[in-house]
Each structure stands twice: as C-alpha cells, then as structure tokens.
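Heads up, the thing below is written out as structure tokens.
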Amino acid sequence: MKIGAQGVQFDLRSQLRPADYGSTARRQLQNYLNERNLQPASAHFSLRSSLFENERLEQRLEAVRNAILFASQMKLRTLTIRLGRLPDLESEEAKQVIFPIMRDLVTHANHYGVTICVIPAGDSAETLLSFLNQIKTGPIAVDADLGSWVLSGRSPVKQLRELNQVIEHIDIRDAVRDVDGVGEEVPVGRGEIDWDEIAGLIEEMGYSGWLNVRRSTGNDKIGDSMRAIQYLRNLIPME
C-alpha cells in the first residue's frame, strides 16, 4: 500500500525506544526506509505531563537526552516536544527551573546537531517568542501544530504569521470547536482550518521544512493520513 509520504516521523517514546536500537538495529531500520524510498524526517518525544513537573524530573530529562542522542544517530535533525503550558516568564519558576532546564537541553541537542522544536500548548506567539529569545545555548524553534492552535482557540494563520521566523517543523492536523469551546481533531479538510490560505502562507514564508501529517484519533488513521497527503499535494507544490 502506497501512502504517498516522503519521510517518517518517529515517536521515540511509544514507537522506537532508543534502548532497544543498537547500531545493527538502526542500520536495519535505515535499510527498511531506503527500500521504501522514505527519509527519516524528524523525531518526536511524547510526554505524559509537563516536562518541568518536579516528580521524576531527572528521569524525564535523562529520557529526553537519550532521545536526542538517538535522533542524532538516526540523522534526525529535529526533535519535537510538547513542554506544557508556560508559566509567567518573569516568575521564579521560570528563572530557577524552566530556563536552566531548557538551556541545558538545548546545549545537549546542539552538541549532537539536533534542534529542539517546541510544540505550543496554548501560549501566545508573543510568549513563545519571548521564551525562545531567552535561550541562547543553541538553536531552538517551534513546531507549528495547526490543529492544536484551533483546539486552544488561536488562529493558525495568525500564529504562523507571527512565528514564521522561528518555525522549523509543521504538523498537519485539522480540528473543530463548538460553541462551548470543546474541540476535537478531525480529518484534514473537514475542520476549521482554511487550507488554501495556509498553503499560500507556507509558500509566502519560504518554508522548506517537513509537513508532518499526523492523525492521532479516529477509526481510520492510515486512510485519513493518505487522504491528507493527497489533499496537501493538490495545494502545495512538492518535489
């Protein structure tokens, strides 16, 4: 079955556990991708709670460091991660906990040639930019999760425009919200996102990174992903 994708994003927590993949297994995985004309596109590390939660913090950070190392070994130059909602950036928590942690992780990632891309969790573009600007130990960017912006009540178009200089990865998801503010992910093209406008904006931005189709709910995730890829191909010129 041909999905039409050019690359693959790996979840380094639920799909590929770094501890299970030595050098031989990594070569076998790369050969598997080569045989299917697929590139290792990016890595994702999923978290069950905020990265900065105090309980089991060091264990969580060590897992992220291991994911960064594995991403580098697989020649994945981007690691996406959802940190959780950011607090007041002038708070003691931000100054004493969050910024030191992020500076250390970005230093570690930079050493291995990996860029951490933060997935927004409802924060404004202004807050995200202020957050990124205070981390100078290496490259750090934004993973634009379009569906997540809809679910948090923010305009994907507005967020893309305001964050375009720091976006290095884009997640293609669609979503709807009802009058009570309750939302759900839906197949691409059936939600609130104006994909013609998004396609034009991506071209206007000169964006050249990966467009990562991700379907996390529904009874036909593969089918929905295939249709989303074709939908995108009809809107955005791809090599």
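Just give me the residues in the stretch 51-82 being β-branched (Val, Ile, Thr) and either modelled with pLDDT under 90 or in contact with a Cys (Cβ under 8 Å, 6 or more places away or on another chain) (or both), in sequence order.
Result: Thr78, Thr80, Ile81.
In the stretch 180-209, how many are open to solvent by less than 80 Å² (accessible area, probe 1.4 Å) and either of a type in the set (S, T, N, Q) or out of contact with any His (no Cβ under 6 Å at 6 or more places or on another chain) (or both)?
Going through the stretch 180-209 one residue at a time, the tally reaches 19.
Keeping to the stretch 94-128, report how many residues are over 28 Å from Arg17 (Cα atoms) and either among the small types (Gly, Ala, Ser) or without any contact (Cβ under 8 Å) to a residue 24 or more places away in the chain (or both).
6
Take Val64 and decide whether it is under 22 Å from Leu129 (Cα atoms), aliphatic (A, V, I, L, M) and surrounded by 14 or more Cβ atoms within 10 Å (Cβ to Cβ). Give the derivation first.
On the way: under 22 Å from Leu129 (Cα atoms): no; aliphatic (A, V, I, L, M): yes; surrounded by 14 or more Cβ atoms within 10 Å (Cβ to Cβ): yes.
Answer is no for this residue.
Please find, among Gly113, Gly122, Gly153, the residue that is modelled with pLDDT of 95 or more and at positive phi.
That would be Gly113, the only listed residue that is modelled with pLDDT of 95 or more and at positive phi.
State which residue is least open to solvent (accessible area, probe 1.4 Å) when the search covers only the stretch 89-128 and only residues that are part of a loop (DSSP other than H, G, I, E, B) and among the acidic types (Asp, Glu). Walk me through how you get there before you give the answer.
Taking the stretch 89-128 first, the residues part of a loop (DSSP other than H, G, I, E, B) are 89-91, 112-114, 119-124.
Add one more test, that the residue is among the acidic types (Asp, Glu), and what stays is 90, 123.
Values: Glu90: 119, Asp123: 9 Å².
Within the stretch 89-128, the match that is least open to solvent (accessible area, probe 1.4 Å) is Asp123.
Answer with yes or no whether Arg177 is among the basic types (Lys, Arg), touching a Gly at 6+ places or on another chain (Cβ under 9 Å), open to solvent by 50 Å² or more (accessible area, probe 1.4 Å) and more than 22 Å from Ser72 (Cα to Cα).
yes
Taking only pairs six or more apart or across chains, which ones have beta-carbon atoms under 6 Å, a first residue in the stretch 228-239 that is within 15 Å of Gly206 (Cβ to Cβ), and a second residue that is surrounded by 13 or more Cβ atoms within 10 Å (Cβ to Cβ) and at pLDDT 90 or above?
Filtered contacts from the stretch 228-239: Ile236/Ala199.
How many residues does the stretch 146-167 hold that are without any contact (Cβ under 8 Å) to a residue 40 or more places away in the chain and of a type outside the set (Phe, Trp, Tyr)? Break it down stepwise before answering.
First pass over the stretch 146-167, keeping only residues without any contact (Cβ under 8 Å) to a residue 40 or more places away in the chain: 148-149, 151-155, 158-159, 162-163, 165-166.
Imposing the further condition that a residue be of a type outside the set (Phe, Trp, Tyr) reduces the set to 148, 151-155, 158-159, 162-163, 165-166.
Qualifying residue count, the stretch 146-167: 12.
The values are calculated or read from the model by the stated rules, or taken from the named source; none is laboratory data. Computed from a predicted model, the values in this text were never measured in an experiment. We place every Cβ from the backbone using ideal geometry, glycine too, and count neighbours over all the protein chains shown. Quick note on the areas: whole protein, heavy atoms, side chains included, nothing else; ligands and nucleic acids left out. Shrake-Rupley method; radii C 1.70, N 1.55, O 1.52, S 1.80 Å.
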